[in-house]
1. Could you give the dipole magnitude of segment 60-100 about its Cα centre, charging the beta-carbon of Lys and Arg +1 and that of Asp and Glu -1, in debye to the nearest 20?
2. Explain nothing, just compute: Karplus ³J(HN,Hα) = 6.51 cos²θ - 1.76 cosθ + 1.60, θ = phi - 60°, for every residue of segment 35-45 in order, whole Hz, x for Gly and Pro.
3. Quick one: length gained pulling C89 to N51 fully straight, 0.36 nm per residue minus the C-alpha distance?
4. Charges on Cβ only, +1 for Lys and Arg, -1 for Asp and Glu, centred on the Cα centroid of segment 60-100; of C62, Q77, N93, which one is farthest towards the dipole's positive end?
Amino acid sequence: AHRDSQGDWWENWDFSASHYQGTLYQSMSRHHCLQCGKSYKRRDHLKRHVNYECGMPNRFRCPHCNQDYRQRGQVWQHIRHLHKNSKMCCIDNETKETFYYSVGNKSD
């Protein structure tokens, strides 16, 4: 009964684009890749995608199972979940350099 007396709260809400200004409006807009159509909330994430990921082969490899990923962070997450207690490192497929996970500034 209480719910019925309040009516639909959204009926009085202004959903027009002109209602949103400044950072609120900017956070709602998306940045789209012109090549593949992926969209990102943050412009710097789109920039990373265009410069290092879009149309490129997966760059980083798990040394434990040879699974390839686009970002090192994806390899770290993969190792944590599938290769528990294994060495936290990945291989750059372009340079063949090995990167080791650093716990210096992480709270994990």
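1. Charge dipole, segment 60-100, about its Cα centre: 200 debye, nearest 20.
2. Karplus-based 3J(HN,Hα) across segment 35-45 equals 7, 10, x, 4, 10, 9, 5, 9, 4, 5, 6 Hz.
3. Numbers: separation 38, 0.36 × 38 = 13.68 nm, distance 2.33 nm.
Difference between extended and current length: 11.3 nm.
4. Q77
We did not get these values from a lab; they are worked out from the coordinates using the rules stated. Everything numeric in this text was worked out from a predicted model, so none of it was measured. Counting neighbours? That spans all protein chains shown, and the Cβs are built from the backbone with ideal geometry, glycine included.
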